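Novice: Have a look at this one.
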Amino acid sequence: MSILVDKNTRVLVQGITGLQASFHTKRIIAMGTNVVAGVSTHSAGQTHLGVPIFGSVKEAVLKTKANASLLFVPAKSVKSAINEALDAGIKLIVSIAYGVPILDVLEIQKTVKAHNAILIGPNTPGIITPGEACLGVFPQNIHQKGTIGIVSRSSTLTYEAVLETNRAGFGQSTVIGIGDDMIAGCHFDKVLELFHKDDQTKAIVLIGALGGAYEEKAAAYYQTIKNKKPLIAYITGFENFTDDMGYASDILTHGKVTVDDKKQLFKKAGAIVVESIDDLHDVLKEIK
Amino acid sequence: MNIHEYQAKKLLSQFKTNVPQGKVAYTPLEAKKNALLLSDKGPWVLKAQIQAGARAKGHFLDQDDQNLSGIMFIKNRKDLITVSQKMLGHTLVTPQTGPKGKLVSKIYVETFSPAKQLFYLSFVINRIEACITLLVANETDNILDLAQKESGLILKINLDLNERIKKSDVMRVLSFLNLPENLFDDLKTFLQNLYKAFICLDATMLEINPVGITKDNRFIALDAKISFDDNALFRHQDVVFMHDDYEVGENVLRASKCGFKYREFEDGNIGLIVNGDGLALAVHDYLKQMNQKTACYLNIKGGVDEDKIAQSLKIMMTNPKVEGIIINILGGFLRCDLVADGIISAVSEIGLNIPLVARFEGTNKETAKEILEKHHFNFLTADSLQEAALKLTHAMKEND
């Protein structure tokens, strides 16, 4: 098992013919992902990288039974592309592009919820279950099938965490970048819940950052779990630095939040907190 | 992106929000002229235009005058020139600017609007609940203290995305502020116009602190701060033109011309060049553990051009505080050897008199390492963050 994606996931790529999309689609197929369809209004009826192209998501889903969508469409078109996928009944959507306007994301969130679907991203490397499925732009050849679930906001730190789990000799069950935009589709607590239901996952690595309160929500949720899997958290951020003017964002978090505040919450909830990303492999080794 | 108060007020008045009459001035003479154009006998308010809050609590760095702050109330016209002289061209330090402060190059001259009641109001993107939230408080000072107490002293209302403010929400604000019911319509219009502005302008934060209620029961925005969603600026060319280059600083501008992000901190003496914020943070945390501090970092994410990478190193070396550099690259789409070539190209042109450690991971890391190690400059390389941090601090000691 793993979470959200595996070898049975039938992947649809929206915007498949673009330069970046082609590059990455080719890679994920090589990594074993079951890409069953592409959507592009210009190239409908053709095949691209051996994948049949359809003019609409609805048609693609009808003909290929695709059940997850990977979006390579530009930021400005993300909203309409996600709406199209949701209308066609897709329940798992991964949106890679960075730079999606926040108001668009707010609207998207509402629709995703109404459809009872899961959105990963935007601004994310995606999701990967090593050896089975990759819906994203992860570096090649660093992932190993294994037992650690990784969830992170920062994409580059996700890769570091993957290398750390390899160093400890574990490999990964599923790796998810929830995205580092102001609003993320899927939050830490949801992913923690899924990892706890998954047999393959023996321990979880969470990489959080300053800004927002997804970590607070995750720590509160972890505290409530009865049969906890080990959770190792690394929280980082540049303190005393913000582009924000005014007080409004700090009011929402009940005052200025520091990295230490977030770390304390995880410690209280029963998680192991590491001070540096390099410490991960040593801590992992101590877990049975 | 942030803008100045005078720009925010201009935008808000386009959305039919009451604001005091005002004119921006760049010289003391202009300040006086503008003040007299607005009203022949005052009083006036002179407001330093910097993009940071708490100006009234601020002080000027090189001024002895204890009564001088970023917001000055002026009764006599003879003071217009003397006070603006003390503000313009001087550095204002407020609780939000950091100790370095910000240079005041323009002031906003307004007619003074007396108010019988003041309150705090803002609209903000709520990251947790994925919505827009309206915040209201009776106090206009020490807002953050109120927020920490969490005892209902700040009213929070999550809004629908349809630009409408519900009647019931207006009622809640009205009773929270203890306002009479005959102000319902005016309050509704005031809130509605601001919310419309927030959505139409793709704002991430719109703060009016304070809102004033005048004797004749009008709501008026006495201050205005707006932050915009950078990702949506393509829809707002008129807003893009309001960008103040001075506010972001020279190196940030130079970096942004290459498509890179540059950030500078108050103290520290180590510069980081990375291709992803996470990589900078990882090194930053390591340095912190070793009691070292980051002076600045430059994120070259998305850069796949040797010249631009060379440029990034040059930008970093113009920061006089930087006494050592760590380059932390996780190659994927960006090849490590390209970064190594960029480093050599910059150093061949301008030299290098401080230690530099590079840590490469990912695409072509071996080639990159070889390029640097073979070069006659004393480049250092490392395989892990820890090694990079240790090697750099050691080399910096020797370099002293």
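Novice: Checking the structure you have, find out if any residue of region B:313-327 is in contact with a Phe, Trp or Tyr (Cβ under 6 Å, 6 or more places away or on another chain) and within 14 Å of chain A (Cβ to nearest Cβ). Please lay out each step first, then the result.
Specialist: In the first step, residues of region B:313-327 are kept if they are in contact with a Phe, Trp or Tyr (Cβ under 6 Å, 6 or more places away or on another chain); the result is none.
Within region B:313-327, not a single residue is in contact with a Phe, Trp or Tyr (Cβ under 6 Å, 6 or more places away or on another chain) and within 14 Å of chain A (Cβ to nearest Cβ).
Novice: Kindly establish whether residue A:173 is within 12 Å of chain B (Cβ to nearest Cβ), of a type in the set (Gly, Ala, Ser) and crowded, with 19+ Cβ neighbours inside 10 Å. Show your work before the answer.
Specialist: Values: within 12 Å of chain B (Cβ to nearest Cβ): no; of a type in the set (Gly, Ala, Ser): yes; crowded, with 19+ Cβ neighbours inside 10 Å: yes.
Considered against the rule, which asks whether it is within 12 Å of chain B (Cβ to nearest Cβ), of a type in the set (Gly, Ala, Ser) and crowded, with 19+ Cβ neighbours inside 10 Å, residue A:173 comes out as no.
Novice: Filter region B:119-133 down to the residues that are surrounded by fewer than 21 Cβ atoms within 10 Å (Cβ to Cβ) and either more than 8 Å from chain A (Cβ to nearest Cβ) or in a strand (DSSP E or B) (or both) and list them by number.
Specialist: B:129, B:131, B:133
Novice: Something else about it: Name the single residue, out of those in region A:154-165 being over 27 Å from residue A:183 (Cβ atoms) and within 12 Å of another protein chain (Cβ to nearest Cβ), that is surrounded by the most Cβ atoms within 10 Å (Cβ to Cβ). Break it down stepwise before answering.
Specialist: Filtering region A:154-165 for residues over 27 Å from residue A:183 (Cβ atoms) gives A:163-165.
After this cut, where a residue has to be within 12 Å of another protein chain (Cβ to nearest Cβ) as well, the list is A:163-164.
Numbers: A:163: 21, A:164: 25.
Going through the qualifying residues, I end up with A:164.
Novice: Also, quick follow-up: Restricting the search to region A:176-214, which residues are assigned to a helix (DSSP H, G or I) and either open to solvent by 10 Å² or more (accessible area, probe 1.4 Å) or modelled with pLDDT of 95 or more (or both)?
Specialist: The initial filter retains those residues of region A:176-214 that are assigned to a helix (DSSP H, G or I), namely A:188-197, A:214.
Correct list: A:188, A:189, A:190, A:191, A:192, A:193, A:194, A:195, A:196, A:197.
Novice: Just for region B:139-170: of the residues that are assigned to a helix (DSSP H, G or I) and over 29 Å from the mean Cα position of the chain (by Cα), which one is nearest to the other protein chains (Cβ to nearest Cβ)? Give the derivation first.
Specialist: Filtering region B:139-170 for residues assigned to a helix (DSSP H, G or I) gives B:143-149, B:167-170.
Then drop every residue that is not over 29 Å from the mean Cα position of the chain (by Cα), which leaves B:167-170.
Numbers: B:167: 22, B:168: 20, B:169: 17, B:170: 20 Å.
Restricting to residues being assigned to a helix (DSSP H, G or I) and over 29 Å from the mean Cα position of the chain (by Cα), the top hit is B:169.
Novice: Out of the residues in region A:111-125 meeting the condition of being within 13 Å of chain B (Cβ to nearest Cβ) and in contact with a Leu (Cβ under 7 Å, 6 or more places away or on another chain), tell me which one is surrounded by the most Cβ atoms within 10 Å (Cβ to Cβ).
Specialist: A:112
Novice: Applying the selection to region B:279-296, what residues are open to solvent by 10 Å² or more (accessible area, probe 1.4 Å) and either more than 8 Å from chain A (Cβ to nearest Cβ) or in contact with a Cys (Cβ under 7 Å, 6 or more places away or on another chain) (or both)?
Specialist: Answer for region B:279-296, where residues must be open to solvent by 10 Å² or more (accessible area, probe 1.4 Å) and either more than 8 Å from chain A (Cβ to nearest Cβ) or in contact with a Cys (Cβ under 7 Å, 6 or more places away or on another chain) (or both): B:288, B:290, B:291, B:292, B:293.
Novice: In the list B:173, B:136, which residue meets the criterion of being of a type in the set (A, V, I, L, M), free of Cβ contacts under 8 Å to residues at least 40 places away in the same chain and either under 30 Å from residue A:107 (Cβ atoms) or away from chain A (no Cβ under 12 Å) (or both)? Walk me through how you get there before you give the answer.
Specialist: Working: B:136 fails: free of Cβ contacts under 8 Å to residues at least 40 places away in the same chain.
Exactly one of B:173, B:136 is of a type in the set (A, V, I, L, M), free of Cβ contacts under 8 Å to residues at least 40 places away in the same chain and either under 30 Å from residue A:107 (Cβ atoms) or away from chain A (no Cβ under 12 Å) (or both), namely B:173.
Novice: Take the residues in region B:318-335 that are at pLDDT below 90 and of a type in the set (A, V, I, L, M, F, W, C), then tell me which one is surrounded by the fewest Cβ atoms within 10 Å (Cβ to Cβ).
Specialist: This residue is B:333.
Novice: Would you confirm whether any residue within region B:182-192 is buried (at least 18 other Cβ atoms within 10 Å of the Cβ), at pLDDT 95 or above and under 18 Å from residue B:131 (Cα atoms)?
Specialist: Yes, region B:182-192 contains at least one residue that is buried (at least 18 other Cβ atoms within 10 Å of the Cβ), at pLDDT 95 or above and under 18 Å from residue B:131 (Cα atoms).
Novice: Right, here's the next one. Quick check on this structure: which one of A:18, A:89 is modelled with pLDDT under 95 and either within 21 Å of residue A:126 (Cα to Cα) or of a type in the set (Phe, Trp, Tyr) (or both)?
Specialist: Values: A:89 fails: modelled with pLDDT under 95.
Residue meeting the stated conditions: A:18.
Novice: Okay, moving on. Considering region B:1-47 alone, what residues qualify as being of a type in the set (D, E, K, R) and in contact with a Leu (Cβ under 6 Å, 6 or more places away or on another chain)? Before the answer, list the steps.
Specialist: The initial filter retains those residues of region B:1-47 that are of a type in the set (D, E, K, R), namely B:5, B:9-10, B:16, B:23, B:30, B:32-33, B:40-41, B:47.
Within region B:1-47, B:32 is the sole residue that qualifies.
Novice: Between a first residue in region B:374-387 that is within 14 Å of another protein chain (Cβ to nearest Cβ) and open to solvent by less than 40 Å² (accessible area, probe 1.4 Å) and a second residue that is among the polar types (S, T, N, Q) and assigned to a loop (DSSP other than H, G, I, E, B), which pairs have beta carbons less than 8 Å apart while being 6 or more apart in sequence or on different chains?
Specialist: Once the first residue is within 14 Å of another protein chain (Cβ to nearest Cβ) and open to solvent by less than 40 Å² (accessible area, probe 1.4 Å) and sits in region B:374-387, its partners that are among the polar types (S, T, N, Q) and assigned to a loop (DSSP other than H, G, I, E, B) give B:385/A:276.
Novice: Could I ask something else about it? State the number of residues belonging to region A:230-279 that are touching a Phe, Trp or Tyr at 6+ places or on another chain (Cβ under 7 Å), assigned to a helix (DSSP H, G or I) and more than 7 Å from every other protein chain (Cβ to nearest Cβ).
Specialist: 1
Novice: Oh, and also: Looking only at residues that are in contact with a Phe, Trp or Tyr (Cβ under 7 Å, 6 or more places away or on another chain) and of a type in the set (Ser, Thr, Tyr) in region A:199-229, which one is farthest from the other protein chains (Cβ to nearest Cβ)?
Specialist: Within region A:199-229, the match that is farthest from the other protein chains (Cβ to nearest Cβ) is A:201.
Novice: Filter region A:128-153 down to the residues that are farther than 20 Å from residue A:194 by Cβ and within 13 Å of chain B (Cβ to nearest Cβ), then identify the one that is modelled with the lowest pLDDT.
Specialist: First, the residues of region A:128-153 that are farther than 20 Å from residue A:194 by Cβ: A:137, A:139-142, A:144.
Of the ones still in play, those that are also within 13 Å of chain B (Cβ to nearest Cβ) are A:137, A:139-142.
Details: A:137: 90, A:139: 82, A:140: 78, A:141: 81, A:142: 88.
Result: A:140.
Novice: Could you name every one of the strands (runs of 3 or more DSSP E) located completely within region A:39-107 that has at least 2 residues being touching a strand residue (DSSP E or B) at 6+ places or on another chain (Cβ under 8 Å) and closer than 16 Å to residue A:18 by Cα? Before you say what the answer is, go through the steps one by one.
Specialist: Working: elements: A:51-54, A:68-71, A:92-95.
Where strands (runs of 3 or more DSSP E) fall fully within region A:39-107 and carry at least 2 residues being touching a strand residue (DSSP E or B) at 6+ places or on another chain (Cβ under 8 Å) and closer than 16 Å to residue A:18 by Cα, they are A:51-54, A:68-71.
Novice: Return the total of residues in region B:281-315 being modelled with pLDDT of 85 or more, closer than 25 Å to residue A:98 by Cα and in contact with a strand residue (DSSP E or B) (Cβ under 8 Å, 6 or more places away or on another chain).
Specialist: Here the count works out to 10.
Novice: Just the residues that are touching a residue at least 12 places away in the same chain (Cβ under 8 Å) and over 27 Å from residue B:158 (Cβ atoms), please, taken from region A:237-265.
Specialist: Scanning region A:237-265 gives A:238, A:239, A:259, A:263.
Novice: All but one of (1) surrounded by fewer than 15 Cβ atoms within 10 Å (Cβ to Cβ); (2) in contact (Cβ under 8 Å) with a residue 12 or more places away in the chain; (3) out of contact with any Lys or Arg (no Cβ under 9 Å at 6 or more places or on another chain) hold for residue A:46; state the number of the condition that does not hold.
Specialist: (2)
Novice: Criterion first (in contact with a strand residue (DSSP E or B) (Cβ under 7 Å, 6 or more places away or on another chain) and either hydroxyl-bearing (Ser, Thr, Tyr) or open to solvent by 20 Å² or more (accessible area, probe 1.4 Å) (or both)) does residue B:142 satisfy it? Spell out the reasoning first.
Specialist: Details: in contact with a strand residue (DSSP E or B) (Cβ under 7 Å, 6 or more places away or on another chain): no; either hydroxyl-bearing (Ser, Thr, Tyr) or open to solvent by 20 Å² or more (accessible area, probe 1.4 Å) (or both): yes.
No, not satisfied.
Novice: OK, next. So residue B:227 passes all but one of these: (1) surrounded by fewer than 23 Cβ atoms within 10 Å (Cβ to Cβ); (2) in contact with a strand residue (DSSP E or B) (Cβ under 7 Å, 6 or more places away or on another chain); (3) within 12 Å of another protein chain (Cβ to nearest Cβ); (4) under 22 Å from residue B:4 (Cβ atoms). Which condition number does it fail?
Specialist: That leaves (1) as the condition not met.
The values are calculated or read from the model by the stated rules, or taken from the named source; none is laboratory data. What you see is a predicted model, and the numbers here were worked out from it, not measured in a lab. Every residue, glycine among them, receives a Cβ derived from its backbone with ideal geometry; neighbour counts consider all protein chains shown. Side chains included, ligands, DNA and RNA excluded: accessible areas come from the protein's heavy atoms. Shrake-Rupley method; radii C 1.70, N 1.55, O 1.52, S 1.80 Å.
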